[in-house]
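A.B. asks: Below you'll find the structure I mean.
The values are calculated or read from the model by the stated rules, or taken from the named source; none is laboratory data. Worth saying up front: this structure is predicted, and the values here are computed from it rather than measured. Because the Cβ atoms are built from the backbone with ideal geometry, glycine has one as well, and the counts that use them run over all protein chains shown. The accessibility values were calculated without ligands, DNA or RNA, using every heavy atom of the protein model including side chains. Shrake-Rupley method; radii C 1.70, N 1.55, O 1.52, S 1.80 Å.
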Amino acid sequence: MTFAAETRNVRKVLSGTPVLDGCDLALEAGRLHGLVGAGSSGKTLVLKTLATLLPPDSGDVVLFGEAADFGDVGRLRTVRARIGMQFQNVALFDFLDVAGNVAFPLVNGDVPVPPGEVASRVESALAAVGLAGAGGLAPHELSGGMQRRVAIARAAVTRAALMVFDDPTGGLDPVTSSRIFGLIADVQAASGSTVVLASHDTDRLARVCHLFHVVDRGRIAFTGTLPDGLAHADPAVRRLLGGDA
Amino acid sequence: MELTAIPRAVGAFVLSAAEPPRAWAVLLSRSARALVRRPPPRDRLLSQMFDIGNRSVVFVAITLGFLGAISVFQGVMQASRVLPDYSMVGATLINVMTREFGPTITALMIATRVGTGIAAEIGSMVVTDQVEAMKVSNTDPVEYLVAPRVLACLVMTFVLTVFAVLVAVAAGALVGYLRFQIGFATFFSMRLVDWADLWEGLVKCAAYGVAIPVIAAESGFRASGGSEGVGWATTRSVVNASFAVIFMDFIIASVIYLVTG
């Protein structure tokens, strides 16, 4: 079994509170992983640690078989070139239009993509999320659901080996949520990338994810398939996966 | 009270006071390296220069225009107490504007108008995860956000200072002519301006032009939380940048005075 990304006994303290406390997460390569947990359980921090945005106080982050060196900016950039992330609060650049946002990782990375290829990849990324023709709009002209779809397109446009989605359907209606989960599953199926998707919406996660990880108080309380999770001895795991406590 | 309490408190104060200058130095060095490694694209640089100039030009013109006019009034009032000879009023104003008020007051205006804008822009990008999105897109936020602003602000501080000095001297000349009948030929005298004055003005422009965006950007990067954090970042930016301008003014003027006598 090959793992695309792992956190090994990661510990992180913020403002005196341990927010990650011996977090062991292993993401099997080429699968779609669901990350589930109560609010403030540490899901976003786990994702930011995997995306090399949050250096742990102790423990290791292993990406594509190599331990990430958070002190080596050059090596971090090499690793980040293989990661795409959609943030919980969308984080679209408000000084760029939609096309500029999606093109950003292609144009500004260490190895810029040729302009002709940028245009075609942006076009196809926007078409994939159902926003063909919206490239000239400013982010503030879009609805919440459209902004999230743009963020998904930006995370996926580099065809990264590891894609991280943090609550991509937060605050959206059920129809749009189902559509967005479907889009992410399509992106994963087409690219074969490793995808990790954090959400509270376990019903819809269950339709697309291959494996589940339950975060509880800064550590991984369960890893496995949904049926295994629903039969887990820990009532907290069963409850977080949508089963009976 | 423990014997070590006072030295510890003093040490903690010194360390906390030294932290912002250390952070500015680190950001300045990273910006300089970014400018050398990958100079910003021309369109992004020109857009920043336009933004900085456009944001400040009216503000600077009004402030320095009134300052020039007030300086002539005050100068004439002081001169008339000694002897009613106003022939040096224009020359003195040009000297003072070139070496002191032109660069320094313009820089304070830029710190207020442009510095706060930089701090607010970067601060709001920090609290909305846009800076992290930049990092994960493999883009160095310092290279993308700070370096072009430092270069643009450096250039525009020179441009705005020259413009500000011209406006101040013109306003002063107008007041001198209309109120005190000082002829333009007498007023526009360069006899008190030498190379040392020009150098002093230029050195100050360069120092302020680099310091303001660096201090503002550093304040923006420290923003946390939400809109309140952005508000604190802009306040910190204007306070620190204004203080830095006044402090650098004193240091540069002292050094040039010691060197040139």
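A.B. asks: Among the strands (runs of 3 or more DSSP E) confined wholly to segment A:28-103, which include 2 or more residues that are out of contact with any Asp or Glu (no Cβ under 9 Å at 6 or more places or on another chain) and closer than 15 Å to A:VAL195 by Cα? Walk me through how you get there before you give the answer.
C.D. replies: Working: elements: A:32-37, A:58-63, A:83-86.
Qualifying strands (runs of 3 or more DSSP E): A:32-37, A:83-86.
A.B. asks: Among the listed residues B:ARG191, B:ARG179, B:ARG113, identify the single one that is over 30 Å from A:ILE83 (Cα atoms), open to solvent by 10 Å² or more (accessible area, probe 1.4 Å) and touching a Lys or Arg at 6+ places or on another chain (Cβ under 7 Å).
C.D. replies: Numbers: B:ARG191 fails: touching a Lys or Arg at 6+ places or on another chain (Cβ under 7 Å); B:ARG179 fails: touching a Lys or Arg at 6+ places or on another chain (Cβ under 7 Å).
Only one candidate passes the filter, namely B:ARG113.
A.B. asks: For segment B:117-129, which residues satisfy the criterion of being open to solvent by 10 Å² or more (accessible area, probe 1.4 Å) and either in contact with a Pro (Cβ under 9 Å, 6 or more places away or on another chain) or part of a helix (DSSP H, G or I) (or both)?
C.D. replies: Result: B:GLY117, B:ALA120, B:GLU121, B:SER124, B:VAL126, B:VAL127.
A.B. asks: Say we look at segment B:96-112 and pick out the residues that are under 20 Å from B:ALA253 (Cβ atoms) and among the hydroxyl-bearing types (Ser, Thr, Tyr); which of these is nearest to the other protein chains (Cβ to nearest Cβ)?
C.D. replies: Out of the qualifying residues, it is B:THR106.
A.B. asks: Any chance you could count how many residues in segment B:113-134 are β-branched (Val, Ile, Thr), touching a Phe, Trp or Tyr at 6+ places or on another chain (Cβ under 9 Å) and more than 8 Å from chain A (Cβ to nearest Cβ)?
C.D. replies: 3
A.B. asks: Another one. Answer yes or no as to whether A:ARG239 is in contact (Cβ under 8 Å) with a residue 12 or more places away in the chain, part of a helix (DSSP H, G or I), open to solvent by 50 Å² or more (accessible area, probe 1.4 Å) and of a type outside the set (Phe, Trp, Tyr).
C.D. replies: Here the answer is no, as A:ARG239 does not meet what is asked.
A.B. asks: Would you confirm whether any residue within segment A:113-124 is small (Gly, Ala, Ser), touching a Leu at 6+ places or on another chain (Cβ under 9 Å) and more than 25 Å from A:LEU63 (Cα to Cα)?
C.D. replies: no
A.B. asks: Got a sec? Which of B:ALA164, B:ALA152, B:ALA173 is over 14 Å from B:ILE110 (Cα atoms) and not hydroxyl-bearing (Ser, Thr, Tyr)?
C.D. replies: Only one candidate qualifies: B:ALA173.
Table: residues versus (1) away from every other protein chain (no Cβ under 12 Å); (2) over 17 Å from the mean Cα position of the chain (by Cα); (3) hydroxyl-bearing (Ser, Thr, Tyr); (4) surrounded by 15 or more Cβ atoms within 10 Å (Cβ to Cβ).
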| residue | (1), (2), (3), (4) |
| --- | --- |
| A:SER41 | yes, no, yes, yes |
| A:VAL46 | yes, no, no, yes |
| A:LEU50 | no, no, no, yes |
| A:PHE64 | yes, no, no, yes |
| A:PHE95 | no, yes, no, no |
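A.B. asks: Hey, among B:SER29, B:SER80, which residue is of a type in the set (Gly, Ala, Ser) and closer than 30 Å to B:THR92 by Cα?
C.D. replies: Numbers: B:SER29 fails: closer than 30 Å to B:THR92 by Cα.
On inspection, the qualifying residue turns out to be B:SER80.
A.B. asks: Would you mind listing the strands (runs of 3 or more DSSP E) fully within segment A:166-231 where at least 1 residues are surrounded by fewer than 17 Cβ atoms within 10 Å (Cβ to Cβ)?
C.D. replies: In segment A:166-231, the matching strands (runs of 3 or more DSSP E) lie at A:219-224.
A.B. asks: Report yes if B:ALA168 is surrounded by 23 or more Cβ atoms within 10 Å (Cβ to Cβ) and either touching a Ser or Thr at 6+ places or on another chain (Cβ under 6 Å) or away from chain A (no Cβ under 14 Å) (or both), otherwise no.
C.D. replies: For B:ALA168, the condition - surrounded by 23 or more Cβ atoms within 10 Å (Cβ to Cβ) and either touching a Ser or Thr at 6+ places or on another chain (Cβ under 6 Å) or away from chain A (no Cβ under 14 Å) (or both) - is met.
A.B. asks: Please give the number of the condition B:ALA133 fails out of (1) in contact (Cβ under 8 Å) with a residue 40 or more places away in the chain; (2) open to solvent by less than 10 Å² (accessible area, probe 1.4 Å).
C.D. replies: (1)
A.B. asks: Return the residues of segment A:119-160 that are without any contact (Cβ under 8 Å) to a residue 12 or more places away in the chain, within 17 Å of A:SER191 (Cα to Cα) and not polar (S, T, N, Q); say none if nothing qualifies.
C.D. replies: A:ALA127, the sole residue that qualifies.
A.B. asks: When B:SER47 is evaluated against the numbered criteria (1) away from chain A (no Cβ under 14 Å); (2) more than 30 Å from A:VAL79 (Cα to Cα); (3) in a helix (DSSP H, G or I); (4) free of Cβ contacts under 8 Å to residues at least 60 places away in the same chain, which criterion, by number, is the only one it fails?
C.D. replies: All conditions are met except number (1).
A.B. asks: For A:GLN88, which of the numbered conditions (1) at the interface with chain B (Cβ under 10 Å from one of its Cβ atoms); (2) open to solvent by less than 70 Å² (accessible area, probe 1.4 Å); (3) within 22 Å of A:ASP166 (Cα to Cα) fails to hold?
C.D. replies: (2)
A.B. asks: If you scan segment A:104-117, which residues turn out to be more than 7 Å from every other protein chain (Cβ to nearest Cβ) and part of a loop (DSSP other than H, G, I, E, B)?
C.D. replies: Once the filter is applied, which keeps residues that are more than 7 Å from every other protein chain (Cβ to nearest Cβ) and part of a loop (DSSP other than H, G, I, E, B), segment A:104-117 yields A:VAL111, A:PRO112, A:VAL113, A:PRO114.
A.B. asks: Suppose we keep only residues that are over 12 Å from B:ILE52 (Cβ atoms) and among the hydrophobic types (A, V, I, L, M, F, W, C) within segment B:135-153. Which one would you say is nearest to the other protein chains (Cβ to nearest Cβ)?
C.D. replies: Out of the qualifying residues, it is B:VAL136.
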